[in-house]
1. Which whole-Hz ³J(HN,Hα) couplings does region 211-226 yield from phi under the Karplus relation 6.51 cos²θ - 1.76 cosθ + 1.60, θ = phi - 60°, glycine and proline marked x?
2. Take residue 164 and residue 370, extend 7 Å from each Cα along the Cα→Cβ direction, and tell me the distance between the two endpoints in nm.
3. Roughly speaking, what is the stretch gain from residue 261 to residue 11, that is 0.36 nm per residue apart minus the C-alpha to C-alpha distance, in nm to one decimal?
4. Tell me, what is a quarter of the convex hull surface for the C-alpha atoms of region 320-399, in nm² with one decimal?
5. Please turn the phi angles of region 102-113 into ³J(HN,Hα) values with the Karplus equation 6.51 cos²θ - 1.76 cosθ + 1.60 (θ = phi - 60°), one per residue in order, whole Hz, x for glycine and proline.
6. Roughly how many nanometres apart are two label points built 7 Å out from the Cα toward the Cβ at residue 41 and residue 246?
7. May I ask for the angle, rounded to the nearest 10°, between helix 270-282 and the longest principal axis of the chain, with both axes built from Cα atoms and the value confined to 0 to 90°?
8. Please report the spacing between the Cα centers of region 42-66 and region 140-198 in Å, no decimals.
Amino acid sequence: MQTEKGASLVQIKALNRRQLRRAIYRQGPVARNRLARELGVSLPTVTTSVAAMLEEGLLTETPDEAAPGSLGGRPAMLVDFRPEAGFAVGVELGPYGTHACLTDLRGTVRCQTQGPPPPADYNQMLADTARLLEPLCAAAPEGRLLGVGIGLPGFVESGRGVLRTGLQESWTGRPLADDLAQALGRPVWADNNVRMRALWRDMLSGEPAPATFAYLFVSKGIACPLMIHNDLLAGARATAGEIGHTILQPGGPVCPGCGRRGCLEALAGEAALTARAAGLLAAGKAPALAARLAGRASDMADLLAVRDEEPAVATLLDEAVDALGLAAANLFNFIGPDLLAADGRIFTPAVHRERFLQVLRANLFGLSAQEAPVEFMPDAPLTGALGAAAHVIRHTLLA
Ligand SMILES: [Zn+2]
């Protein structure tokens, strides 16, 4: 009995510690009494824990300028994480390239690097990634690197960092996190890159995030992880957030990802769109695109570039945007998140954004436009890498 009781006390302490750290990270600079009130613990409990973290150098104090001055007393102090108390390296392996950075706890990038898309051979990919990341790890102040995060498309068992399906068939079943940890001699966390992008929005985007939001990312594939009460919904089998293979048009075009017909990815994923553009080219229906490509294969940037002068391509893109708007409406109707963050090159033209919002709003059930807010994410190369770094911060300092 004694042991059981002791264990549960330890668990409660660990839980309190995590909640306190997360609250300071989310709200800092913040007053101790506000933390105590919100977490439902006593002020002395908060004060003791905060004192320990100040001692460790994790936190910093600033005077509360907004607080009413107390007569002759010390000004009330606010506590926050010291940005340079810890650093994380993040890397995103994507179909179009590899981006990596070293950041402090608040997302200030200290250095960054980039490389080509990873090679198909697993061992070569490991070696290339380790070589790219080593200088970033070395640039972190001595003893303050929390670890390395690696994000990539596909199913990643987030607890163990094992790949289920990834960029390459031959990587399946490989323990990516362990293998890269061995290559770098640093702790490594691996997860799906879009889940990590959602963490970027939550922790490092510089904007407050609601507790419950969805992060829709359109690249070669499409995913939409959900942040529920400040935690990523993982699902029992690492498949939560795979909105891309929900079917919107039975009998529609074949999906390059799942092989079935009419799923969202078949209608709006970049791999499907460039494949269908190839069909237009072969049929002679896209002369402007043909002139631009001069024989090479198209990518999303090409389709967006010729949109205004190529009616067939404009139609293709409009239909894709319509499918995304429908999927987003389904999501709001089903889950009702406080926000939908929309990320992807298809959302860069203003005409696409307007169309997307129009379709979304036309298909809402019982919600006003204000109750289905959408934010378009900037098209920034480091978003995924910063998300991978956020994942490390979350699993170390905030765990
Ligand atoms: Zn599919």
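1. Working through the residues one at a time gives 5, 10, 8, 10, 10, 8, 10, 10, 9, 4, x, 9, 9, 8, x, 10 Hz.
2. 4.0
3. Between residue 261 and residue 11, full extension yields 85.2 nm more.
4. The Cα convex hull of region 320-399, projected and averaged over all directions, gives 6.3 nm².
5. Those phi angles translate into 10, 10, 7, 5, 10, x, 7, 7, 8, 7, 8, 8 Hz.
6. 3.7
7. Relative to the chain, helix 270-282 is tipped by roughly 10 degrees.
8. Computed from Cα coordinates, the inter-centre distance equals 33 Å.
The values are calculated or read from the model by the stated rules, or taken from the named source; none is laboratory data. In this text the structure is predicted, and so the values were computed from the model without any measurement. Here Cβ is always computed from backbone atoms with ideal geometry, including for glycine, and neighbour counts include all displayed protein chains. Each accessible area value is taken on the protein alone, full model and side chains, heavy atoms only, with ligands, DNA and RNA left out. Shrake-Rupley method; radii C 1.70, N 1.55, O 1.52, S 1.80 Å.
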